[in-house]
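Comments concern the structure below.
All of the numbers you see were taken from the coordinates with simple rules; none came from a lab. Just so it is clear, the structure is predicted and the values come from calculations on it, not from any experiment. Virtual Cβ from ideal backbone geometry, glycine too; neighbours counted across all protein chains shown.
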Amino acid sequence: MSTATTASVSTHILDTSIGRPAEGVAISLAARGGPGARWQALGGSRTDGDGRCKDLPDLPVGTTHVRLDFETEAYFNSGREAEAQQDAPRARDSGVFFPEVAITFAVTPGEHYHVPLLLNPFGYSVYRGS
């Protein structure tokens, strides 16, 4: 929960190749207190059956930048998305193109940042949600 001195972060993943949530993706959270500061690993979680990660660690006071690391390789290698889409190829000719996705963004104390990841085997997009 954010206060006047901290920001808060949430995320979810939608696999746009199948139009469904991406379940079981590991997500790590890191923060820093300025552009030149060192990253501090805060911990992480996994997406649930709805593609949401509801238990990310709180951000420390003074956080100005946040990094979310999505471990997408295991998800794509699991075959979950291929099983969910009948005509999806079982094997990719080039393997996993994006084995991980790292998103870095600036935050302001007191604000909540929901950062969804729209993911497919060969592309991704993020935005600030609500």
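Placing pseudo-labels 7 Å out from each Cα toward the beta carbon at Tyr127 and Val96 gives an inter-label distance of 2.7 nm. When every Cα-Cα distance of the chain is counted in 5 angstrom steps from zero, the calculated P(r) takes the values 2, 11, 21, 22, 16, 12, 8, 5, 2, 1 percent.
If the chain linking Asp55 and His112 were pulled fully straight, counting 0.36 nm for each residue of separation and taking away their Cα-Cα distance, it would gain 19.1 nm. Here the Gaussian network model covers the chain, with springs between Cα atoms less than 10 Å apart; of Thr47, Thr108, Thr72, Thr108 fluctuates the most.
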